[in-house]
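Reviewing the structure listed below.
The values are calculated or read from the model by the stated rules, or taken from the named source; none is laboratory data. Note that the structure is a prediction, hence the values are computed from the model and not measured. Glycine gets a Cβ as well: all are built from the backbone with ideal geometry, and neighbour counts include every protein chain shown.
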Amino acid sequence: MIYFDSDYMTGAHPRVMERLVATNGLHTKGYGRDEFTARARRLILDACGLGQGEVYLLEGGTQTNAVVIDRLLDHNDGVIAADTAHINVHEAGAIESNGHKILALPGHDGKLKAEDIQQYLRDFYNDDTNHYMVKPAMVYISFPTELGTVYTHEELKAIREVCDEYDMPLYADGARLAYGLAAGGTDVTLRELATMCDVFYIGGTKCGALLGEAVVTRRPELLRRFVSLIKVHGATLAKGRVLGVQFETLFTDGLYEQIGRHAVEMALRLKAGFISKGHKLYIDSPTNQQFFVLPNDKIDSLRRVASFELWGPRGEHETPVRFVTDWATSPEDIDKLIDAL
């Protein structure tokens, strides 16, 4: 069986595991006060081109989104997001459970459009009863999106300008950031993302680490008493060095970028194989997530050799499906899948 369900099904990249084993016997301070975490923070800030800023290491994506959004919003504020956003669909109401409503706008291939955000904000502030409504107080995007699409520099710049006009922070979920940065169709770099977003996170769990996400901000004042809030959410990891060692490794000698490029190369090879067999795309993704519409009988036969996800309810005759590659996907895996088509 070959696995394409998601990019967290395999353990950590061998270099990450080797480093964890090599440092396992050392005694360090807890709660992220160790030397590995300190080096990881410096490496990440340097990669982001931030002379000033802060990095916080957390364990998982939903946890990270919940803590960051809880800090950026007052209790009865809301967060603008695409209707397909992870926080709106697949996080079990984690944001709402903290008292923050998700203000979902129509997504365009998974992306928000600046003009939609601006129109929503204009309508809100032109409504005389807005003091009884949930205030839109931040914007959430994913890079890449849940549909594997990526923003261009101009698209991000336009959203940034709307956020500046209304004095709202822009936050980017980077659970699959390595693959977004490696994708064709975007001219956004890590440094540009760090400049245009007030807060974002660099995904580790889906990008070569056993677990871990790195929250980055160029405006530390927005995340006031953040370490305390992480504790409030039960998200403080006593053995914080486990996260520090991994991110130190991922940001040494370009490993994070290598992981992204490899997975995207494998995904594009997979896409070309499906297209050559006459199968149609559900959405044209340039990242490590690939979406197709397959006949149900083809899905059933393919599942004898590979595991993958249905993207929504099973249709009467055909169904959208998703295949995901990662650091461990090999050309042989792809060839075996294509041969089974």
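So here's what we get for this one:
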quantity	calculated
Count of residues meeting criterion [crowded, with 21+ Cβ neighbours inside 10 Å and in a helix (DSSP H, G or I)] in the range 170-193	8
Matching option when the condition is without any contact (Cβ under 8 Å) to a residue 40 or more places away in the chain, farther than 30 Å from residue 37 by Cβ and within 25 Å of the chain's Cα centre (by Cα), among 271, 280	271
Residue selected from the range 1-59 under the condition among the aromatic types (Phe, Trp, Tyr) and buried (at least 18 other Cβ atoms within 10 Å of the Cβ), by the criterion modelled with the lowest pLDDT	8
Scan of the range 59-108 for residues that are closer than 16 Å to residue 171 by Cβ and in a loop (DSSP other than H, G, I, E, B), ordered by number	73, 74, 85, 91, 94, 95, 100
Residues located in the range 18-35, provided they are under 23 Å from residue 206 (Cβ atoms) and free of Cβ contacts under 8 Å to residues at least 60 places away in the same chain	18, 21
Residues within the range 96-105 that are in contact with a Leu (Cβ under 9 Å, 6 or more places away or on another chain) and closer than 15 Å to residue 142 by Cα, tallied	1
One residue from 294, 310 being touching a strand residue (DSSP E or B) at 6+ places or on another chain (Cβ under 9 Å), of a type outside the set (Phe, Trp, Tyr), closer than 22 Å to residue 110 by Cβ and surrounded by 17 or more Cβ atoms within 10 Å (Cβ to Cβ)	294
Index of the failed condition, residue 152 passing every other in (1) surrounded by fewer than 24 Cβ atoms within 10 Å (Cβ to Cβ); (2) free of Cβ contacts under 8 Å to residues at least 60 places away in the same chain; (3) closer than 25 Å to residue 222 by Cα	(3)
First in the range 45-70 and within 18 Å of residue 240 (Cα to Cα) and touching a residue at least 60 places away in the same chain (Cβ under 8 Å), second anywhere and assigned to a loop (DSSP other than H, G, I, E, B) and β-branched (Val, Ile, Thr), Cβ under 7 Å, 6 or more apart	60/205; 61/205
Failed item in (1) touching a residue at least 24 places away in the same chain (Cβ under 8 Å); (2) at negative phi, with residue 99 passing the rest	(2)
So residue 271, is it among the charged types (D, E, K, R), closer than 24 Å to residue 176 by Cα and either out of contact with any Leu (no Cβ under 8 Å at 6 or more places or on another chain) or not assigned by TED's automatic domain parsing to the domain that holds residue 143 (or both)	yes
Residue in the range 304-321 that is farthest from residue 3 (Cα to Cα), counting only those that are in contact (Cβ under 8 Å) with a residue 40 or more places away in the chain and not β-branched (Val, Ile, Thr)	309
Meets criteria (touching a Gly at 6+ places or on another chain (Cβ under 8 Å), modelled with pLDDT of 95 or more and within 15 Å of residue 64 (Cα to Cα)) for residue 237	yes
Qualifying residues in the range 68-107 (those that are under 20 Å from residue 155 (Cβ atoms), surrounded by 15 or more Cβ atoms within 10 Å (Cβ to Cβ) and not hydrophobic (A, V, I, L, M, F, W, C)) - the one nearest to the chain's Cα centre (by Cα)	86
Residue list for the range 35-58, restricted to those being among the charged types (D, E, K, R) and in a helix (DSSP H, G or I)	35, 39, 41, 42, 46
Residue within the range 114-121 that is of a type in the set (S, T, N, Q), in the same structural domain as residue 95 (by TED's automatic domain parsing) and under 23 Å from residue 287 (Cβ atoms) present	no
